[in-house]
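First the structure, in the form of structure tokens, and then the observations on it.
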Amino acid sequence: MTALAETTQDAELLELDHETLLVRLFHEETVRIFDKEPVRFVCTCSQERSAKIISTLDRKEIESIIEEEGQVAMDCQFCNHQYVFGKDDIDSIFNEKPQLH
């Protein structure tokens with residue numbers, strides 16, 4: 001890919017439409033152009049989803065984090081939002097978790 005991309009001239013990148021450029025670069029392949037779609041940012045993270053993840057972890061380990069840090073913080077790796085849970089939050093999370101028998 002890099003070797004092919006390096007064969008393009010600056011003028012080609014500025015003047016050619018994307019389909020022509022792709023066909024020139026990949027003439028031995030079947031080039032398929034998808035319909036345009038608007039680019040949008042969507043993140044589905046939430047306090048509730050983060051709490052659900054915490055509920056799957058070992059309660060003793062979470063409680064040791066609370067003892068050391070005073071809170072449990074979870075960062076969304078997509079939107080960079082941070083969710084913070086205190087001791088009361090953690091107690092609530094684990095008290096609402098259904099117990100397996």
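With the Kirkwood sum run over all distinct C-alpha pairs, the chain has a hydrodynamic radius of 18.5 Å. Computed with a 1.4 Å probe over protein heavy atoms only, the accessible area of residue 75 comes to about 80 Å².
Inter-label distance, residue 34 to residue 87: 5.0 nm, where each label sits 7 Å from its Cα along the C-beta direction. What's the longest uninterrupted piece of the chain once you rule out the chymotrypsin sites (Phe, Trp or Tyr not before Pro) that are loop residues per DSSP with at most 10 other Cβ within 10 Å? It works out to 42-101.
Heavy-atom surface analysis with a 1.4 Å probe gives the chain a carbon and sulfur content of 51 percent of its accessible area. Each of residue 61 and residue 19 was given a label point 7 Å from its Cα along the Cα-to-Cβ line. The distance between the two points is 5.3 nm.
The calculated FRET efficiency for residue 8 paired with residue 41, based on their beta-carbon distance and R0 = 25 Å, is about 0.25.
Determine the sum of side-chain charges near residue 9: Lys and Arg each +1, Asp and Glu each -1, restricted to other residues whose C-beta is under 14 angstrom from that of residue 9.
Charge balance in the 14 Å sphere: -3.
Here the Gaussian network model covers the chain, with springs between Cα atoms less than 10 Å apart; of 48, 69, 15, 15 fluctuates the most. Rolling a 1.4 Å probe across all protein chains gives residue 42 an accessible area of roughly 80 Å².
When the helices of the chain are scored as -39500 (n - 2.57) per DSSP H run of n ≥ 4 and the total is divided over every residue, the value at 222 nm lands at -12500 deg cm²/dmol.
The values are calculated or read from the model by the stated rules, or taken from the named source; none is laboratory data. Just so it is clear, the structure is predicted and the values come from calculations on it, not from any experiment. Cβ coordinates were reconstructed from backbone atoms using ideal geometry, including for glycine residues, and neighbour counts include every protein chain displayed. The protein model used for the area step is the full one, side chains on, heavy atoms only, and it has no ligands, DNA or RNA in it. Shrake-Rupley method; radii C 1.70, N 1.55, O 1.52, S 1.80 Å.
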